[in-house]
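Q: Next up is a structure, given as structure tokens.
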Amino acid sequence: MKDFIPFHRPSIGEEEKNEVLKVLSSGWLTTGPVCQRLEREFAAYVGCKHALAVNSATSALQLALDAIALQPGEEVLVPTYTFTASGEVVTYFGARPVLCDSVPGGFNIDPEDVRRKITDRTRAIMPVHIAGEACKLEPLHRIAKEHGLHVIEDAAHALPASYRGRRIGTTSELTAFSFYATKTITTGEGGMLTTDDDAYAERASIMRLHGISGDAWKRYAKEGSWYYEVVDAGYKLNFPDLLAALGVAQLAKCDRLWRRRLEIANAYKERLGGIEELEMPSGCDDFNQHSWHLFILRIRSELLEIDRNEFIRELKQLGVGTSVHFIPLHLHPFYRKRYGYRTGDFPNAENAYSRCISLPIFPELTDSEVDRVIEAVEKIVCAHRKRVLALAS
Ligand SMILES: *Cc1c(COP(=O)(O)O)cnc(C)c1O
């Protein structure tokens with residue numbers, strides 16, 4: 001289709017191309033000085049002590065669970081309303097992701113359900129800031145403290161977001177960010193682990209590159225040495241300079257990209273918010289900054305003749321690409337088979353899932369494309385609104 005509006009298009013400009021070309025000419029492609037620069041700038045941006053670049057957010061979560069020394073048989077509380085990476089990493093350690101429901105009427109993990117799911121095997125809680133809306137961290141931290149649990153944030157959607165005036169990335173002991181192709185800043189693939197804890201940072205830095213101590217990446221550099229020591233069976237999760245170059249250019253634009261997404265979110269809310277058949281995502285205030293990675297609309301199915309799937313089909317016919325975030329983990333075959341979860345186990349998450357549509361929200365979306373998305377949604381609602389017959393009593 002000629003004028004199809006895609007769900008996402010990354011914001012890649014001359015700056016990104018120039019940074020990548022510099023690395024290509026430098027003679028050093030893998031982890032090196034550009035990666036270190038990205039880590040410094042990222043740490044300064046979110047205001048944390050340590051930022052460790054890795055090849056994905058999944059890897060950052062893996063290193064976070066390694067840092068707390070998660071053991072086989074232990075449990076980590078993970079929302080069912082998330083991408084599978086959040087749960088999958090727990091299984092790497094022979095541990096169990098124990099799923100929790102969303103808050104009533106929302107997407108993020110419900111602290112009440114977290115409390116109910118704690119056992120004597122629970123080691124950590126993994127809040128996920130769905131769409132870029134910060135979880136209510138205060139009750140989660142209180143529960144964690146009461147039970148001696150770690151809090152590891154999956155902040156794949158949450159750059160730049162904040163909770164009560166504090167940037168996400170500084171709000172818990174360990175936080176994972178994603179630079180995947182569709183995320184708020186991207187390097188194609190990539191991620192960042194942040195922490196203020198020196199010991200966690202030291203451990204993660206060793207484990208991300210084969211369990212080799214010291215600045216392992218320097219062993220082929222001019223100032224490096226051929227000698228190294230392997231102190232543990234590590235992983236291969238390091239981040240190449242070739243991609244870090246993209247990250248440096250993207251991070252410099254992070255605020256500008258965010259402002260444009262905010263404009264789009266405000267336009268959607270202003271012009272669709274008055275339609276009874278639609279439910280807007282809850283916004284945030286000055287102290288709780290929403291990253292607007294996603295704009296998740298929910299339809300009020302009881303007021304419409306069509307369901308979410310049909311709504312998405314019609315949007316596509318009108319030239320609007322959308323997506324669904326997320327199919328709750330407990331509905332997937334793996335989580336059903338391995339842990340015995342069933343439909344009905346997490347009513348709040350299932351309710352949100354059955355009604356949600358992620359609209360395009362990326363900085364390159366033009367004003368006229370935003371208009372077209374809004375008009376398409378309005379048109380579908382008007383065509384399928386349930387006519388309530390006033391029955392004379
Ligand atoms: C994208 C995503 C991840 C994984 O990020 P990668 O960088 O692709 O590993 C993890 N959690 C959530 C909620 C995500 O959306």
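All of the numbers you see were taken from the coordinates with simple rules; none came from a lab. Keep in mind it's a predicted model, so treat the numbers as computed, not measured. FYI the Cβ positions are ideal-geometry reconstructions off the backbone, even for glycines, and counts take in every protein chain you see.
Q: Pull out a ≥ b ≥ c, the square roots of the eigenvalues of the alpha-carbon gyration tensor of the range 42-118, then state rounded if a/c is under 1.5, prolate if not and a/b is larger than b/c, and oblate in the remaining case.
A: Working: a/c = 2.06, a/b = 1.30, b/c = 1.59.
Oblate is the answer for the range 42-118, as a/c is 1.5 or above yet b/c matches or exceeds a/b.
Q: I've got another one for you. For the pair Glu276 and Tyr92, what calculated FRET efficiency results from E = 1/(1 + (r/R0)^6), where r is the Cβ-Cβ distance and R0 = 56 Å, to the nearest 0.05? All intermediate terms of the calculation are to be shown ahead of the outcome.
A: On the way: r = 46 Å, r/R0 = 0.81.
Plugging the Cβ-Cβ distance into 1/(1 + (r/R0)^6) gives 0.75.
Q: I've got another one for you. Which of rounded, prolate, oblate describes the range 1-54, given a ≥ b ≥ c as roots of the alpha-carbon gyration tensor eigenvalues and a/c under 1.5 marking rounded, otherwise prolate only if a/b is larger than b/c?
A: oblate
Q: Of the cross-linked pairs Lys183/Lys379; Lys316/Lys379; Lys183/Lys269; Lys136/Lys379; Lys117/Lys337; Lys136/Lys386, which ones have a Cα-Cα span greater than 24 Å in the structure shown?
A: On the way: Lys183/Lys379 29 Å; Lys316/Lys379 13 Å; Lys183/Lys269 21 Å; Lys136/Lys379 35 Å; Lys117/Lys337 20 Å; Lys136/Lys386 36 Å.
Among Lys183/Lys379; Lys316/Lys379; Lys183/Lys269; Lys136/Lys379; Lys117/Lys337; Lys136/Lys386, the Cα-Cα distance tops 24 Å for Lys183/Lys379; Lys136/Lys379; Lys136/Lys386.
Q: Can you pull the three principal axis extents for the Cα set of the range 89-176, in Å, largest first?
A: Extents along the principal axes: 34, 28, 21 Å.
Q: Suppose every Lys and Arg Cβ carries +1 and every Asp and Glu Cβ carries -1, with no other charges. What dipole size does the chain come out with about its Cα centre, to the nearest 20 debye?
A: So the dipole magnitude of the chain works out to roughly 460 debye.
Q: Next question. For the range 172-197 and the range 290-369, what is the centre-to-centre distance using only Cα atoms, to the nearest Å?
A: 23 Å
Q: Could you give the nm distance between label points at Glu41 and Arg121, where each point is 7 Å from its Cα heading toward the beta carbon?
A: 4.5 nm
Q: Once the dipole of the range 1-116 is set up with Lys and Arg at +1 and Asp and Glu at -1 on Cβ about the Cα centre, which of Pro79, Ile68, Ile5 lies farthest towards its positive end?
A: Ile5
Q: Relative contact order, percent, of the chain when contacts are C-alpha pairs under 8 Å separated by at least 6 residues?
A: Details: 797 pairs, mean separation 86.4, N = 393.
Value for the chain: 22 percent.
Q: Find how much the distance from Lys379 to Arg336 grows on full extension, using 0.36 nm per residue of separation minus their present alpha carbon separation; answer in nm with one decimal.
A: Extending this stretch completely gives an extra 11.7 nm.
Q: Roughly speaking, what is the centre-to-centre gap between the range 126-140 and the range 33-103 when only Cα atoms are used, to the nearest Å?
A: The two parts, judged by their Cα centres, are 14 Å apart.
Q: From the residues Ala249, Ala376, Ala53, which one has its Cα farthest along the dipole of the chain in the positive direction, the dipole being from +1 and -1 charges on Cβ of Lys/Arg and Asp/Glu about the Cα centre?
A: The residue sitting farthest along the positive end of the dipole is Ala376.
Q: If you don't mind, there's one more thing I want to ask. Label points 7 Å out from Cα along the Cβ direction at Arg300 and Phe287: separation in nm?
A: A separation of 3.0 nm, rounded to one decimal place.
Q: For the range 1-157, what Kirkwood radius comes out of the mean inverse Cα-Cα distance, in Å?
A: 17.9 Å
Q: Normalised by the number of residues in the range 176-293, what is the relative contact order in percent for Cα pairs under 8 Å and 6+ residues apart?
A: Reported as a whole number, the value is 22 percent.
Q: Right, here's the next one. What whole-number value in cubic angstrom gives the convex hull volume per residue for the C-alpha atoms of the chain?
A: Working: hull volume 61.6 nm³, N = 393.
So the per-residue Cα hull volume is 157 Å³.
Q: With +1 assigned to the C-beta of every Lys and Arg and -1 to the C-beta of every Asp and Glu, and no other charges, what is the dipole magnitude of the range 122-263 about the Cα centre in debye, to the nearest 20?
A: Numbers: 19 positive and 18 negative charges, 106 e Å.
Dipole magnitude for the range 122-263 comes out near 500 debye.
Q: Name the residue farthest towards the positive end of the dipole of the chain from the options Ser25, Phe179, Val320, assuming +1 on Cβ of Lys and Arg, -1 on Cβ of Asp and Glu, about the Cα centre.
A: Farthest along the dipole direction, towards plus: Val320.
Q: Rounded to two decimals, what is the ratio between the C-alpha radius of gyration of the range 209-269 and 2.2 N^0.38 Å?
A: So the Cα radius of gyration is 1.85 times the expected 2.2 N^0.38 Å.
Q: With only alpha-carbon atoms in the gyration tensor, what are the semi-axes of the equivalent ellipsoid for the range 177-285, in Å, largest first? Walk me through the numbers before you get to the answer.
A: Working: eigenvalues 351, 50, 24 Å².
Ellipsoid semi-axes (Å, largest first): 42, 16, 11.
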